[in-house]
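Input: one structure, supplied below.
What follows is calculated from the coordinates using simple rules that are stated; it is not laboratory data. Not measured: the values here are computed from a predicted model. Note: ideal-geometry Cβ built from the backbone for every residue, glycine included; neighbour counts use all protein chains shown.
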Amino acid sequence: MSEGKIKVSIDGILVEVEPGTTIMNAARQIGGDVVPPAMCYYSSLEGSGGKCRTCLVKVSKGSEKDPRPMPKLVASCRTGVMDGMEVQNITSPEVLEARKGIVEFLLINHPLDCPVCDQAGECDLQNLSYKHGIEETRYNFDRRTFEKIDIGDKIKLHMTRCILCYRCVMVADQLTDKRVHGVLGRGDVSEISTYISNAVDNDFSGNMIDVCPVGALTDRTFRFKNRVWFTKPVEAHRDCPTCSGKVTLWYKGEEVLRVTGRKDEFGELEEFICNDCRFDKKATSDWVIDGPRSVKNTSVISSNHYELPAPPPVIKENLKLQTENKKQLERAEKLK
Ligand code: SF4
Ligand code: FES
């Protein structure tokens, strides 16, 4: 074992991590299917996580010193690893069953408006429900509904779609100098508020749109302009005095329809970008083009430009999954 590191096994795959690492981040070091889904955790936002419960896992062995299993499923984004810990994610039927329940719970008040929602095609909740959801709801009560609100001139809040993950509140708290955005109320009356619709007009407020896992916060400069899977993502940069200036441009033909930050394999922004880059630089001449943006094949955005990642370790060790993965690669090859 490397010095100072501790060993943990997730779905039978061993990884060595620094003490203090969470189960979620240990799984991210392995990558692939063993990484639990996250709807509220966001590695660059301090204190995020612990709200949505989609990342629940089973700890079947607590540690080398105390091998007793943990009595309940735990939130992997908030639970630290111990030396010798054994964790189950996709190999535990109990976890998969619980995740179905969480998806059903998240969808209780969420409207089925993917056909008219700008987030469709890049919505974490849409992807999560395809993977773990059940076909129908068992909920018969009235759902919460809200009027749409403009948060400043660039962001639209559609509270009916919000899953109260608090990510946007953390952006407001941690990235902008004047917090005018928060959650009011508790329980089923909680709502995101800007305290009497104050405009959020500081330099980094647009990042709320990118961190929102659903279509609750959308870019008013892009709303209803196009379906995201018809656009072409291209990486570009500019010399920006406020942020790194590294962005993704979303083209339709010759026109830049929107500008976003660049997202990594876990759907998180590699770097936060400023509002000037996001909202006011929509001409190709504003940018130096770096090349096409890689798109993972887990979302409809990737239609027509599939990119299959290397098989994760869990596939490498499983003959049935290997065969399935080979078939997928062959199908993708034909589509090229
Ligand atoms: S508006 Fe979006 S980012 Fe903010 S709490 Fe709701 S779901 Fe999360
Ligand atoms: S990602 Fe862990 S509780 Fe939401």
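For D66 and L184 in the same chain, what is the full-extension length gain: residue separation times 0.36 nm, less their Cα-Cα distance, in nm?
Numbers: separation 118, 0.36 × 118 = 42.48 nm, distance 4.16 nm.
Length gained, D66 through L184: 38.3 nm.
If you don't mind, another one. Between segment 228-246 and segment 17-51, what is the separation of their alpha carbon centroids in Å?
26 Å
For H237 and E271 in one chain, what is 0.36 nm times their gap in residues minus the Cα-Cα distance, to one decimal in nm? If you can, show how the numbers build up before the last one.
On the way: separation 34, 0.36 × 34 = 12.24 nm, distance 1.21 nm.
11.0 nm is the gain from fully extending H237 to E271.
Let me ask something else about it. Set the bar at 20 Å for Cα to Cα. Now go through K7/K72; K51/K154; K225/K246; K51/K100; K58/K263; K156/K246 and name every pair that lies beyond it.
Details: K7/K72 22 Å; K51/K154 27 Å; K225/K246 23 Å; K51/K100 16 Å; K58/K263 28 Å; K156/K246 24 Å.
From K7/K72; K51/K154; K225/K246; K51/K100; K58/K263; K156/K246, over 20 Å: K7/K72; K51/K154; K225/K246; K58/K263; K156/K246.
Please compute the net charge surrounding C114, taking Lys and Arg as +1 and Asp and Glu as -1 over other residues with Cβ under 14 Å from its Cβ.
Values: positive: R161, R227; negative: D113, D118, E122, D124.
Once positives and negatives cancel, what remains is -2.
Counting other C-beta atoms within 10 Å, which of H237, H181, H132 has the fewest, and how do the rest follow?
So the residues, fewest neighbours to most, are H237, H132, H181.
Below 8 Å between Cα atoms, with a sequence gap of 6+, how large is the relative contact order for segment 6-102 in percent?
On the way: 200 pairs, mean separation 33.3, N = 97.
Reported as a whole number, the value is 34 percent.
If each residue's Cβ is checked for other Cβ atoms within 10 Å, how do E270, E86 rank with the fewest at the top? Intermediate results must be reported in sequence, preceding the final value.
Values: E270 13, E86 18.
In order of increasing Cβ crowding within 10 Å: E270, E86.
Counting other beta carbons within 10 Å of each residue's own, what order do R220, R143 fall into, fewest first?
On the way: R220 16, R143 11.
With the fewest neighbours first, R220, R143 line up as R143, R220.
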